[in-house]
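Student: Structure in structure tokens, see below.
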Amino acid sequence: MVLVAVGVLVGTGVAWRQYHRELNGLTVSGVSPEGPKSSGKTQNILIMGLDSRLDEHGNPLPQEMYDALHAGDDSEGGFNSNVLILVHIPGDGSKSTAISIPRDDYVTLDPAACASSPCKGKIKQAYGFAYARAKDKLQAAGVKDALELDQRSRDAGRLAESNTVSKFLGNVPVDHFVEVTLAAFFQIAQAVQPITVCLNEDTSDSYSGANFKKGKQQIDASQAMAFVRQRRDPDQPLFTDLDRTRRQQAFIVSLLRQLQDSGTLSSPSKLRNLLDIAKQNTAIDKSLDPLSFAQRASALFNDGVSLYTLPVKDFGTDDAGESINIVDTDEIRGIVKNLLSPGDTSAATTTSPAPTTTTAIPAAGVVLNVVNSSGQTGLAARVQEVLVARGFTRGTAATGSARDTTTLAYGTGAEAAATALAAQLGLTAVASPAVEEQTIQLTLGADAKTGTIANLVADQADPSTSATRSTTPTTSTTPPAPVSATASGTNAPAATDLSQMDTGGIPCVR
């Protein structure tokens, strides 16, 4: 919204020099997203909403703002990306798409977020984990300036979060990011209040301060924070964190409507107010040109947006006992591939690829250790036998504690072999200081009992099955049809549903 304000300001005749003066003070990160980039005019923008109760310069907020936020003070929260939305603006001018990623999805995080491998956690934690690690390293290196320390640590968090999202969604390009704090969300609501929202049922929650009645109603900025933060209701046991995600989408739709109806977009003074908010509590990556993007983003107002919330399979707990969302990564990648423009994702089909035996692995001199955490007796020895025959030096074959997912880590000097082996097994090779030089550690999870690795062992026992398999075309699972995010009663979306909401009107949500 702030970036659109830039474009509108320029459209009202703001001179180039004044435009730059208006943007002076906007926080620009020292980094830009890594990895693949969109082709042509297509743009993918990752919006990261931080849980931090500090501004973009690491300073505490005014006490009256903490009171209004109903979210504790500067000692609360952290640097988790509690809101993650990938905004896809197609280069062909077709309707834009916004994909919300539930914050507690349990995924593989960017290696920068962890000191050891495998790096797993809630997707929101990639930012905070990488921030903390970078801060420790910078302090150890002698960086003492508080602002420099904070900004460079944030840059590490931003990169780790954008890398994590890109890989989780299937190597989707993330061209730019926009970071927004809790305070910015509140201040934007203040600038355009009252805002009209709609609920399908009465609801309340003592944690967020929510207390709303069924139907359309106008709310102020403080109520807006309760509206977008509510994830509990004592009278609705099925109310989940994903309902909060859909609340956030509904609020964005209502806010877009209010920006238009209130005359904000035609008032230079109101637009400058939005820019002042941005300077305090919003950051953009260093390669994002606000003017260029704003001119493209006007389509978000003119043509609307389809907003999706990605589904989860189930709820569970991690090793620390924290609540997590259990997701089907293959299904998620299939959904995202279906939603984005052709060529904007390199996500593979949802079936495991057949092992490739024609591409040689530079395995000479590389030791292969295999840890069996699959629960299937003897699997480590059988897998190691197959791979030693392909040139690896036999290492240890051990049994580890049970785990669901197979991982592949490597030490110094083994990157080429690890990358080639990972490609054949459908895995991601991760560098790890815990693995010795010229060594790969393959840890077999429960998923190794089926798919590529199981096929690898079967082919060794009966080579004829490999030829049969290689001539059988792989198929991808058809993505599920989205459920309306605004449906009520028994038709209301469950957490396990892919849901869709469109701009236009005031959406009614749970």
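The values are calculated or read from the model by the stated rules, or taken from the named source; none is laboratory data. Quantities reported herein were computed from a predicted structural model and do not represent experimental measurements. Using ideal geometry, Cβ is built from the backbone for each residue, glycine included, and neighbour counts are taken over all protein chains shown. Each accessible area value is taken on the protein alone, full model and side chains, heavy atoms only, with ligands, DNA and RNA left out. Shrake-Rupley method; radii C 1.70, N 1.55, O 1.52, S 1.80 Å.
Student: May I ask you to list the residues in the range 221-263 that are hydroxyl-bearing (Ser, Thr, Tyr), over 22 Å from the mean Cα position of the chain (by Cα) and assigned to a helix (DSSP H, G or I)? Working first, answer last.
Tutor: In the first step, residues of the range 221-263 are kept if they are hydroxyl-bearing (Ser, Thr, Tyr); the result is 222, 240, 245, 254, 262.
Those still in the list that are over 22 Å from the mean Cα position of the chain (by Cα) too: 222, 254, 262.
If the condition is that a residue be hydroxyl-bearing (Ser, Thr, Tyr), over 22 Å from the mean Cα position of the chain (by Cα) and assigned to a helix (DSSP H, G or I), then Ser222, Ser254 are the ones that fit.
Student: Got at least one residue in the range 135-155 being open to solvent by less than 50 Å² (accessible area, probe 1.4 Å), in contact with a Phe, Trp or Tyr (Cβ under 7 Å, 6 or more places away or on another chain), at pLDDT 95 or above and not polar (S, T, N, Q)?
Tutor: Checked the range 135-155: no residue is open to solvent by less than 50 Å² (accessible area, probe 1.4 Å), in contact with a Phe, Trp or Tyr (Cβ under 7 Å, 6 or more places away or on another chain), at pLDDT 95 or above and not polar (S, T, N, Q).
Student: Answer with yes or no whether Ala434 is out of contact with any Asp or Glu (no Cβ under 8 Å at 6 or more places or on another chain), surrounded by fewer than 20 Cβ atoms within 10 Å (Cβ to Cβ), touching a residue at least 60 places away in the same chain (Cβ under 8 Å) and closer than 29 Å to Asp318 by Cβ.
Tutor: yes
Student: For the structure I just gave you, tell me whether Lys167 is without any contact (Cβ under 8 Å) to a residue 40 or more places away in the chain, out of contact with any helix residue (DSSP H, G or I) (no Cβ under 7 Å at 6 or more places or on another chain) and open to solvent by 10 Å² or more (accessible area, probe 1.4 Å).
Tutor: So Lys167 fails the test.
Student: Six or more apart or on different chains, Cβ under 6 Å: which pairs go from a residue in the range 189-201 that's over 25 Å from Lys270 (Cβ atoms) to one that's open to solvent by 30 Å² or more (accessible area, probe 1.4 Å) and of a type in the set (Ser, Thr, Tyr)? Could you list them?
Tutor: Listed by first residue and then by second, the contacts come to Asn200/Ser488.
Student: A further question on this structure: Does any residue of the range 262-270 turn out to be under 29 Å from Tyr308 (Cβ atoms) and surrounded by fewer than 18 Cβ atoms within 10 Å (Cβ to Cβ)?
Tutor: Scanning the range 262-270, I find at least one residue that is under 29 Å from Tyr308 (Cβ atoms) and surrounded by fewer than 18 Cβ atoms within 10 Å (Cβ to Cβ), so the answer is yes.
Student: Taking the residues in the range 407-431 that are in a strand (DSSP E or B) and within 22 Å of Gly365 (Cβ to Cβ) as candidates, determine which candidate is most open to solvent (accessible area, probe 1.4 Å).
Tutor: Going through the qualifying residues, I end up with Ala431.
Student: Another question, then. From the list Arg231, Arg244, which one is crowded, with 20+ Cβ neighbours inside 10 Å, free of Cβ contacts under 8 Å to residues at least 40 places away in the same chain and either under 23 Å from Val327 (Cα atoms) or out of contact with any strand residue (DSSP E or B) (no Cβ under 7 Å at 6 or more places or on another chain) (or both)?
Tutor: Being crowded, with 20+ Cβ neighbours inside 10 Å, free of Cβ contacts under 8 Å to residues at least 40 places away in the same chain and either under 23 Å from Val327 (Cα atoms) or out of contact with any strand residue (DSSP E or B) (no Cβ under 7 Å at 6 or more places or on another chain) (or both) holds for just one of Arg231, Arg244, which is Arg244.
Student: Of the conditions (1) at pLDDT 95 or above; (2) open to solvent by 20 Å² or more (accessible area, probe 1.4 Å); (3) under 11 Å from the mean Cα position of the chain (by Cα), Asn82 clears all except one; give me its number.
Tutor: Of (1) at pLDDT 95 or above; (2) open to solvent by 20 Å² or more (accessible area, probe 1.4 Å); (3) under 11 Å from the mean Cα position of the chain (by Cα), only one is false for Asn82: (1).
Student: Identify all residues within the range 353-382 that are open to solvent by 60 Å² or more (accessible area, probe 1.4 Å), among the small types (Gly, Ala, Ser) and modelled with pLDDT of 85 or more; write none if there are none.
Tutor: Residues satisfying the conditions are Ala364, Gly375.
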